[in-house]
Amino acid sequence: MSAATPPDLHGPADAARARVAALLERAREPRLGGVWTLFGKEVRRFWNTAAQTIGSPVVTTLLYFVVFGYSLGDRLRAIDGVPYISFIVPGLVMLGVINNAFINSAFSLFLTKIQGTIVDVLVSPLTPGQILFAYVGASVLRALLVGVIIWIVAALMGAQTLAHLGVTVAFMLLTATMFATLGVVIAIHARDFNHINLLPSFLITPLTFLGGVFYSIDMLPAPWDTLSHFNPILYMVSGLRHGMVGHSDVPVWSGALILVASNAALWGYAWLLLRSGRKLRE
Amino acid sequence: MGAPPAPGEPLVRIDGVTKRYGDLVAVDDVSLAIEPGEIFALLGPNGAGKTTLIGCVTGLTVGFSGRITVAGYDVVRDYRVTRRLVGLVPQELNYDAFFTVRDLIRYQGGYYGEPPSERRVDELLDAFDLSGKADANSRWLSGGMKRRLLIVKALVHDPALLFLDEPTAGVDVVLREELWAYVRRLRELGTTIVLTTHYIEEAEMLADRVGIIDGGRLLRVDRREALMAEYASRTVDVRLTRPPPPELFARLPDLQLEPLAGEGVRLVYRDAEADRAADAAPSPVQRLLDALRGLDLDVASVDAHRSSLEAVFRRLVFTEDRQAPPSRGVTGGGPP
């Protein structure tokens, strides 16, 4: 069918061939700028509404700190030699990191999907890995900002939380990456906003609260102390608590192992989803 | 391996492409070559497979069989190269409520490697009459402005091949004409253009070649003039001062002639017939007028119009598809 009479063009055809030749010169060189543009855009998306995306979670979490740690803390006994005011800081930081990492990537990507602007990214030469890096990276940055601000304010109010800095940073970073990647996966699968709200409300937040944010699981009666060991978030909170105050309910290596494994699995799955184009390029 | 198309080589080569969604065959074994520098119109009713077909080239549709190359590069394997060459104006209006018009243009260019210069952004804003809204949130743009922003975003990385998916759907007459003028200018500057449309007038006004697509199948591809010359017809409505007598129809048995409601007759003839007739015998119009004079019938008014591509379209889509013409959402003429 395409064998039909070719168009009788001279000027435009030559101009077009010249344009293609010039563009190909540039198109053949790999360029890495694109990923930073998307990352920068996603950072600005939350930064433009920082009062809501950073200020609000920091204030909410610090209220827990003020009420439980600062006001009631004096009346609660030290846990394993750690004053309660310091003990709850890693739990609260984890609460902020987990929620904000997930919500940021899930909402941003889902919003882009329903607004139709995802097309702008999908027709670009960005690779699946670059798209994933940009969304996860921006969410990790937001989660760390929230976590670090809570950490600093708590320290200024008297909490002692500098036991092992390296462990602290590693657990914050790995947890943020894991939940940001989970957010990307959920956003790709979600068909309406409910799908995104259900996970934090019914799974992530309960598991975080029950993961030893406010207490040591040694304080729980049987069988809750044993059951708590099936909660993966316990291992993350415990790891961070080891980093900040040197106390841990479970071995630090077990938390690190869970985080590295879940990060690898989620990242791999998200990358495959983006590469296949399922749910997005259809 | 990819290279700029040599003289005689197409810019886009679509080879036996089929895309299925479950049982639905959205694109059915389509082969097509797009020549550098042409304006190609894919004409078809809603749901014909136009958007899916261009989606296969631009990367929005995956999982098709067959092969597509742009400048010799495979759109699946070498997508990082082909997407730098291609721009897409999608059919659906979109906006990002978090950013201004200027931000969105800058970001869109940035995805392709490096953000555009301020001068380039200003030029584009100016060319599409969006300068006044540069710092407005894209949410508050009117439909026409959102459409223009989509075009700017598709052009910001300076593509050599531009796909316009139903570019004038829901666009007013003034903007439509401006858009057509801009498309022609882009082509002069060396951009190859593929547009999809269900407005026959759009294909007629703009395209060098037209591909007629329906039910996922490409029914016919040819130069616009060739299609029109072959199929296009003219309709002449003659209003009389009294009803035409049966004798008139008896005198001209070989012409396609019918009475009009009220007092008058309608003559329909194909351009090709008229051209042949002109060499030897009087034209169909001349014969009708002679017959009217012979019967002493006075002419009150004459209306004539050319049905052009619409006739081609109806013939191909409705006869080859064996579907009834009504209720398909296909209309002649321009956008409402």
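The numbers here are math on the coordinates, done by the rules we state, and not lab data. Values in this document were obtained by computation on a predicted structure and should not be read as measured data. We place every Cβ from the backbone using ideal geometry, glycine too, and count neighbours over all the protein chains shown.
How much net charge surrounds residue B:196 when only other residues with a Cβ under 12 Å from its Cβ are counted (Lys, Arg +1; Asp, Glu -1)?
Once positives and negatives cancel, what remains is -2.
Roughly what would the spin-label model give for residue A:156 and residue B:9, points 7 Å off Cα along C-beta, in nm?
About 6.5 nm separates the two model spin labels.
Rank the residues B:13, B:185 as a footprinting-exposure proxy: fewest other Cβ atoms within 10 Å of their Cβ go first. Can you show the working numbers first?
On the way: B:13 18, B:185 11.
Taking fewest neighbouring Cβ atoms as first place, the list is B:185, B:13.
Applying a 10 Å radius around every beta-carbon, put B:163-171, A:38-46 in order of their mean neighbour count, most first.
Sorting B:163-171, A:38-46 by mean packing, highest first, produces B:163-171, A:38-46.
With axes computed from alpha carbons, what is the tilt in degrees of helix A:252-276 against the longest principal axis of chain A, rounded to the nearest 10 within 0 to 90?
The two axes meet at around 20 degrees.
For the pair residue B:29 and residue B:100, what calculated FRET efficiency results from E = 1/(1 + (r/R0)^6), where r is the Cβ-Cβ distance and R0 = 56 Å, to the nearest 0.05?
Details: r = 45 Å, r/R0 = 0.80.
Computed FRET efficiency for residue B:100 and residue B:29: 0.80.
Using only helices, what value at 222 nm comes out for the protein assembly as shown when you add -39,500 (n - 2.57) per DSSP H run of length 4 or more and divide by the total residues, to the nearest 500 deg cm²/dmol?
Mean residue ellipticity at 222 nm (helix-derived): -15000 deg cm²/dmol.
Taking a spot 7 Å from the Cα of residue A:209 along the direction of its beta carbon, which residues of segment A:71-92 have an amide N less than 17 Å from it?
Correct set: A:91-92.
Contour minus end-to-end for residue B:182 and residue B:242, with contour as 0.36 nm per residue of separation and end-to-end as the Cα-Cα distance?
16.7 nm
Relative to the longest principal axis of the C-alpha atoms of chain B, give the angle of the C-alpha long axis of helix B:101-110, reported between 0 and 90° and rounded to the nearest 10°.
70
Starting from 0.36 nm per residue, how many nanometres of slack lie between residue A:67 and residue A:254 once their C-alpha separation is accounted for?
64.2 nm
Assuming R0 = 45 Å, can you tell me the calculated FRET efficiency for the pair residue B:295 and residue B:92, based on Cβ-Cβ distance, to the nearest 0.05?
Using R0 = 45 Å, I get an efficiency of 0.20.
If I model a spin label at residue A:21 and residue B:117 as a point 7 Å from the Cα along the Cα→Cβ vector, what separation in nanometres do I get?
Roughly 2.4 nm, to one decimal.
Please check which bits of segment B:1-40 a label hung off residue A:28 would reach, taking the label as a point 7 Å along Cα-to-C-beta and the cut-off as backbone N under 15 Å.
Hits in segment B:1-40 for residue A:28 at 15 Å: B:1-6.
Less than 16 Å from a label point 7 Å out along the Cα-to-Cβ axis of residue B:136: which backbone N atoms in segment B:79-105 qualify, by residue?
Once the point is set 7 Å along Cα→Cβ of residue B:136, B:94-105 turn out to lie under 16 Å by backbone N, inside segment B:79-105.
Enter the angle in degrees (range 0 to 90, nearest 10) between the Cα long axis of helix B:118-127 and the first principal axis of the Cα atoms of chain B, meaning the one along which they spread out most.
Long axis of B:118-127 versus the principal axis of chain B: about 10 degrees.
In nm, to one decimal, how far is the modelled label at residue B:67 from the one at residue A:47, with both set 7 Å along Cα→Cβ?
Spacing of the two 7 Å Cα→Cβ label points: 4.6 nm.
With contacts defined as alpha carbon pairs under 8 Å and 6 or more residues apart, what's the relative contact order of chain B in percent?
Dividing the mean separation by the residue count of chain B yields 20 percent.
Sum up the charges of everything whose Cβ sits under 14 Å from the Cβ of residue A:212, counting Lys and Arg as +1 and Asp and Glu as -1, but leave residue A:212 out. Numbers along the way, then the final one.
Values: positive: A:241; negative: A:80, A:218, A:225, A:249.
Local net charge: -3.
List A:113, B:50 from most exposed to least, where exposure is judged by having the fewest other Cβ atoms within 10 Å.
Going from sparsest to densest Cβ surroundings: A:113, B:50.
Where does each of A:235, A:269 land when they are ranked from fewest to most other beta-carbon atoms within 10 angstrom?
Going from sparsest to densest Cβ surroundings: A:269, A:235.
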